[in-house]
1. What's the magnitude of the charge dipole for region 111-204 around its Cα centre, counting Lys and Arg as +1 and Asp and Glu as -1 at the beta-carbon? Answer in Debye, nearest 20.
2. Taking Cα pairs under 8 Å and at least six residues apart, what relative contact order does the chain come out at, in percent?
3. Find which of 268, 236, 113 sits farthest along the positive direction of the dipole of the chain, computed with +1 on the beta-carbon of Lys and Arg, -1 on that of Asp and Glu, about the Cα centre.
4. Between residue 112 and residue 153, what is the FRET efficiency for a Förster distance of 35 Å, r being their Cβ-Cβ separation, to the nearest 0.05?
5. What angle, in degrees between 0 and 90 and rounded to the nearest 10, separates the Cα long axis of helix 64-76 from the longest principal axis of the Cα atoms of the chain?
6. What order, most packed first, do the peptides 327-335, 104-112 have when packing is the mean number of other Cβ atoms within 10 Å of each residue?
7. Taking the Cα centre of the chain as origin, work out the dipole magnitude from +1 charges on Lys and Arg Cβ and -1 charges on Asp and Glu Cβ, in debye rounded to 20.
8. Give, in nm to one decimal, the length gained when the segment between residue 139 and residue 342 is fully stretched (0.36 nm per residue of separation minus the Cα-Cα distance).
Amino acid sequence: MKTVVVLGGGISGLAAAWRLSHRAKGLNVVLVEGSGRVGGWMQSVRTDEGAVLELGPRSLRTAGPAGRNTLSLVSEVGLGGEVLAVPTSHKGVSRRLIFTSAHGLVELPSSLSWLFRTRLPFSGPLLPTVLAEIFRPRRKGTEDESVYDFISRRLGSEIADYVIDPMCRGIFAGSARTLSMRSAFPAVHQYEASHGTVVGGALMTKPDPLPDSAPELVKQAVREKWAIYTLRSGLQSLPLALLSTLEERGVKVHLGTPCTAINFRDQSAQVVCGDSVLDTDHVISAIPSHALSGLLSEDLSPLSHHLLTIPTVTVGVVCLEFKGRVLPPQYEEAFGYLVPSHQPASILGVVFDSSTFPQHNRPDLPSTRCTVMLGGEWFDTLGDDPGNIGTDDIIRIALDSMRDHLGVTDEPSNMVARIHQNCIPQYQLGHSQKLDTISDLIQEKAVPLSLVGMSYHGVSVNDCIHNSFTAVDRLLAHV
Ligand SMILES: Cc1cc2nc3c(=O)[nH]c(=O)nc-3n(C[C@H](O)[C@H](O)[C@H](O)COP(=O)(O)OP(=O)(O)OC[C@H]3O[C@@H](n4cnc5c(N)ncnc54)[C@H](O)[C@@H]3O)c2cc1C
């Protein structure tokens with residue numbers, strides 16, 4: 001019987017093991033996770049009073065093939081009844097703000113009316129910008145371009161500064177000036193490549209029709225126009241449900257077992273975990289590229305080197321709960337706000353969790369939950385001693401921002417702060433060439449290794465699950 005070892009019990013590794021054990025009967029599947037729990041960055045905490053706080057991802061999008069794929073998985077592992085969905089019309093999704101010191105909190109475009117009226121922070125209505133984009137010639141040449149350059153070339157510097165720059169901070173905790181458009185936002189990049197216009201491409205691209213065989217949960221999401229969702233006990237329920245299914249299917253799951261080396265031999269590998277060695281026919285790595293880099297033997301040093309060239313950033317997360325309704329009434333219903341990188345404020349943004357998912361509030365009294373995100377590409381600037389920034393520092397900055405930006409001076413009734421080291425990979429200029437080189441090196445030496453996880457082709461949970469399924473299907477087509 002053939003064996004496949006999956007390294008890493010985050011959502012990518014769990015999804016890969018789930019697909020393997022679902023699609024390939026008679027395959028020995030082993031999952032190796034270094035920490036004592038599954039889920040990786042997906043981690044939900046329940047407070048003594050019953051509120052749910054998310055330390056990592058807090059919402060999943062329903063749109064696109066990857067969004068539908070995750071919803072199908074949620075349904076298949078029996079979590080359909082746990083979904084807390086928010087429709088596109090809800091202000092907790094559609095109303096997104098930015099903070100600038102000149103204008104305070106201002107709303108970003110969310111409806112067609114923005115095309116015709118001048119609203120801060122923009123200097124005029126957006127219609128001329130949008131029309132000009134449709135007729136602007138497509139760029140010649142294929143060299144990589146930063147997100148900032150791409151957007152300012154097509155839609156002007158105001159959209160780049162006030163919409164896309166903060167969006168890059170919200171998704172990647174990174175800089176629009178160094179992230180690659182092709183790798184960070186491949187669908188938008190493709191609109192220009194195939195239609196010659198981003199606006200036209202977005203308008204002309206219709207979602208794939210839903211097959212009759214789609215699970216009822218996916219049909220409901222389309223029917224009811226769900227934009228995002230979470231799960232009743234927090235998103236960590238998904239990795240936990242996957243773990244239960246894997247154990248029922250006979251997958252061997254080793255927790256608290258960090259892999260310390262992988263020795264690839266002809267068409268097989270030995271996975272070393274401390275004192276024990278697992279013999280396997282194939283390895284699916286679902287750990288970060290920098291972690292995998294340190295496990296490979298000397299003969300694969302070019303591969304190790306290239307895996308290490310994908311940088312990561314560190315993010316501070318401060319989950320705050322206040323008694324009562326503390327947000328300014330005009331902003332109570334909103335997703336939250338982001339801070340553009342040219343602003344002096346030291347946070348990336350604040351998510352108004354209780355506006356989007358009030359079901360996660362403590363049940364006994366009215367409360368407000370917010371999460372302040374800090375650092376990322378700018379983590380070292382959060383303190384005077386960059387090597388020594390701790391949770392006390394990020395809590396202080398988070399509370400100062402709540403006071404200065406939102407006027408919230410109350411003491412939080414609950415607070416959880418974490419510094420997630422190297423948690424988000426940066427798809428910087430040249431990322432796609434790095435991936436090509438990595439793939440060539442694996443193929444040249446016929447290394448029985450598949451790479452999945454957030455380091456490569458998408459940082460969202462949806463992308464991670466979708467990419468794991470694709471990698472498993474590709475592998476099974478060849479065995
Ligand atoms: C603060 C934050 C907020 C986010 N918000 C969102 C959001 O709202 N929506 C969204 O879609 N996405 C969000 N993301 C992204 C999302 O969380 C990630 O894409 C996803 O969780 C990555 O999963 P993964 O399995 O690829 O990696 P990880 O979660 O990093 O899992 C890798 C696993 O490998 C294990 N491991 C590492 N080294 C070894 C070793 N040597 N041996 C064995 N095991 C090892 C680790 O312990 C870990 O469990 C957010 C991420 C962060 C950090």
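The values are calculated or read from the model by the stated rules, or taken from the named source; none is laboratory data. Computed from a predicted model, the values in this text were never measured in an experiment. Here the Cβ positions follow ideal geometry from the backbone for every residue, glycine too, while neighbour counts run over all protein chains shown. Only protein heavy atoms, including side chains, enter the accessible area calculation; ligands, DNA and RNA are left aside. Shrake-Rupley method; radii C 1.70, N 1.55, O 1.52, S 1.80 Å.
1. So the magnitude is around 160 debye.
2. Dividing the mean separation by the residue count of the chain yields 25 percent.
3. Toward the positive end, the furthest listed residue is 113.
4. The calculated FRET efficiency here is 0.90.
5. Helix 64-76 and the main axis of the chain meet at about 60 degrees.
6. Ranked from most to least packed, the peptides come out as 327-335, 104-112.
7. The dipole of the chain has a size of about 1380 debye.
8. Gain on stretching residue 139 to residue 342: 70.4 nm.
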